[in-house]
1. Any chance you could look up the accessible area of Asp88 with a 1.4 Å probe, heavy atoms only, rounded to 10 Å²?
2. Among the trypsin sites (Lys or Arg not before Pro) within the range 197-243, which fall in a DSSP loop and have no more than 14 other Cβ atoms within 10 Å of their own Cβ?
3. If you average the sequence gap of Cα pairs under 8 Å that are 6 or more apart and divide by the length of the range 211-306, what percent do you get for the contact order?
4. Heavy-atom accessible area of Arg248 with all protein chains present, probe 1.4 Å, nearest 10 Å²?
5. When the helices in the chain are scored as -39500 (n - 2.57) per DSSP H run of 4 or longer and the sum is shared across all residues, what 222 nm value do you end up with, to the nearest 500 deg cm²/dmol?
6. Hand me the chymotrypsin sites (Phe, Trp or Tyr not before Pro) from the range 96-203 located in a DSSP loop with no more than 15 other Cβ atoms within 10 Å, in residue order please.
7. In whole Hz, what ³J(HN,Hα) sequence does the range 114-122 give by Karplus (6.51, -1.76, 1.60; θ = phi - 60°), x for Gly and Pro?
8. Ignoring ligands, DNA and RNA, please state the percent of accessible area on the chain from carbon and sulfur, probe 1.4 Å.
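The values are calculated or read from the model by the stated rules, or taken from the named source; none is laboratory data. Keep in mind that this is a model prediction, so the values were computed, not measured. Counting neighbours? That spans all protein chains shown, and the Cβs are built from the backbone with ideal geometry, glycine included. For the accessible areas, the whole protein counts, side chains as well, though only heavy atoms, and no ligand, DNA or RNA atoms are used. Shrake-Rupley method; radii C 1.70, N 1.55, O 1.52, S 1.80 Å.
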Amino acid sequence: MLFYFYFRMFDVPKITGIISARNAKTIGFQFPEGLKRQAPALAKEVEAKTGALVIISGDPCYGACDIDDALLDMVDVLFHFGHSRISDDDRIVFMEYYHDVDVDRAVASALPLLGQKVGVVTTVQHIHKLDDIAKILTDAGREPVISKGDSRITYPGQVLGCNFSAVPAGVDSFLFVGSGNFHPMGMRLAHKVPVVAADPFTGEARLVDVEKIMKQRYAVMAKAMDAKKWGIIVGMKSGQQRLALAKRLKDIAGDAVLISIKEISPDRLLNFKVDAYVSTACPRIAIDDAGRFPAPVLTPVEFEMVKGLRSWEDLALDEIAG
Ligand code: SF4
């Protein structure tokens, strides 16, 4: 069974073809956590077929933004698995990974919850099913709308946790096909239009409720209201760096310092003794790890709300534009 998944996951002829076309001698492999267990077998196979040396990145990898830059400098080509392209560096080859799961049951479950004109989005793992999703909607008498995103987004209809630019305007509901709550929550907060999340793995669909996350975020902002000293975090992962934004926020904050961090965790914030932080790195960090940090960690959007530069009703998730 493992063997079957291994062959469905990796396009070995494409990998070996690129290595031989580039005459590459030293190769880097980078995988998200869920695919790492397959790495040694793939490395051995590619070494045997090409004679090249493969180095596997052992560091955590959360997205296409998270390139192992040190490894990239050591190799002729870096294969980054599981995510779609957000960098134009031609030393990196993005090898996307698609889930082989049907979307039909989940989309059928979503139909009673959807309006007439439906904005359709998904993650790269299901992007090859976008036409199937649109057909199910059309057959049911709905009008699917699929839009292009900015340069951070590879495919029409694709969303990232930090970028909803492919979410279409002028629709009366959204259909998100995929797992997890972060993407549909961000769409709901950004567009104030009902979002239906359809999970292909369970076949179930639900209307997305943002009340809990809103309560959590307003509580974090309330704690930061009296902050005098601020730490503005600059993410050091290549696809998360927003120094210009961090500088602008530092000017607004007044008593503030810039702090560069690659892997942001509660431990790393313990010793700075500031009252509150703003993270300009991956927008998920402030949200997913809320409650574990030693001081409030806000997104740039929330910081502007606390500083009175944005309406208190105007809560949205932070986005990194391409
Ligand atoms: Fe994903 Fe965060 Fe990277 Fe965006 S910045 S691609 S949400 S890991």
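1. 130 Å²
2. Details: sites: Arg206, Lys212, Lys215, Arg217, Lys223, Lys228, Lys229, Lys237, Arg242; in loops: Lys228, Lys229, Lys237, Arg242.
Here the trypsin sites (Lys or Arg not before Pro) that fit, given the DSSP loop and packing criteria, are Lys228.
3. Numbers: 143 pairs, mean separation 33.5, N = 96.
With pairs under 8 Å counted, the relative contact order is 35 percent.
4. Number for this one is 110 Å².
5. On the way: 11 runs with 101 residues, N = 322.
-9000 deg cm²/dmol, from helical runs alone.
6. Details: sites: Tyr97, Tyr98, Phe164, Phe174, Phe176, Phe182, Phe201; in loops: Tyr97, Tyr98, Phe164, Phe201.
Counting only loop positions with at most 15 other Cβ atoms within 10 Å, the chymotrypsin sites (Phe, Trp or Tyr not before Pro) in the range 96-203 are Tyr98, Phe201.
7. Coupling constants for the range 114-122: 9, x, 7, 9, 10, x, 10, 9, 7 Hz.
8. Values: 7940 of 15000 Å².
Using a 1.4 Å probe with all protein chains present, the chain comes out at 53 percent carbon and sulfur.
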